[in-house]
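Colleague: The structure that follows is given in the form of structure tokens.
The values are calculated or read from the model by the stated rules, or taken from the named source; none is laboratory data. This one's a predicted model, so the numbers in the text were calculated from it and none came from an experiment. Note that we place each Cβ from the backbone using ideal geometry, even for glycine, and neighbour counts take in every protein chain shown. Please note that ligands, DNA and RNA were not included when accessible areas were found on the heavy atoms of the full protein model with its side chains. Shrake-Rupley method; radii C 1.70, N 1.55, O 1.52, S 1.80 Å.
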Amino acid sequence: MGHNYYGEPAWPNDLLYIFPVVILGTIACNVGLAVLEPSMIGEPADPFATPWKFYLNGISFPYFKYFVQCLIIPFLENVNKFQNPFRRPVATTVFLIGTAVALWLGIGATLPIEKSLTLGLF
């Protein structure tokens, strides 16, 4: 086994011996948490109660923006033959600006609507 050096086959070293250990460990952790802490967190949900302040569903916006970037970036990367991000300025710029906008609007979606776009800074 040992380390994964270049040229070492994934089968059977990783796929046969390591993956089942990780999968069984994850299942054991989930079952252990379910058995040891079965108590309910918080109060039961009331589907007929409307919250006093309504916030936009901004938790999904950064993920959607990241998904769009994952669709766009491969086409921008194929324009240039280099793998170094500093030698692909267009794709790197699009990715960094998109990530900044997604984080800015994702944080703003957790604030009241008056402060959502400026984050209360302006």
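Colleague: Just one of Ile59, Ile27, Ile41 is at negative phi, aliphatic (A, V, I, L, M) and modelled with pLDDT of 70 or more; which is it?
Modeller: On the way: Ile59 fails: modelled with pLDDT of 70 or more; Ile41 fails: modelled with pLDDT of 70 or more.
The match here is Ile27.
Colleague: Hey, another quick one. Among the residues of segment 91-119, how many are open to solvent by 90 Å² or more (accessible area, probe 1.4 Å) and assigned to a helix (DSSP H, G or I)?
Modeller: Residues meeting the conditions: 5.
Colleague: Picking from Phe75, Phe64, Phe82, which residue would you name as being open to solvent by less than 80 Å² (accessible area, probe 1.4 Å) and at pLDDT below 75? Reasoning before the result, please.
Modeller: Working: Phe75 fails: open to solvent by less than 80 Å² (accessible area, probe 1.4 Å); Phe64 fails: open to solvent by less than 80 Å² (accessible area, probe 1.4 Å).
The match here is Phe82.
Colleague: Of all residues in segment 44-54 being within 24 Å of Leu105 (Cβ to Cβ) and open to solvent by 100 Å² or more (accessible area, probe 1.4 Å), which is modelled with the lowest pLDDT?
Modeller: Pass one, segment 44-54, residues within 24 Å of Leu105 (Cβ to Cβ): 51-54.
If we keep only those that are open to solvent by 100 Å² or more (accessible area, probe 1.4 Å) too, we end up with 52-54.
Values: Trp52: 68, Lys53: 66, Phe54: 60.
Within segment 44-54, the match that is modelled with the lowest pLDDT is Phe54.
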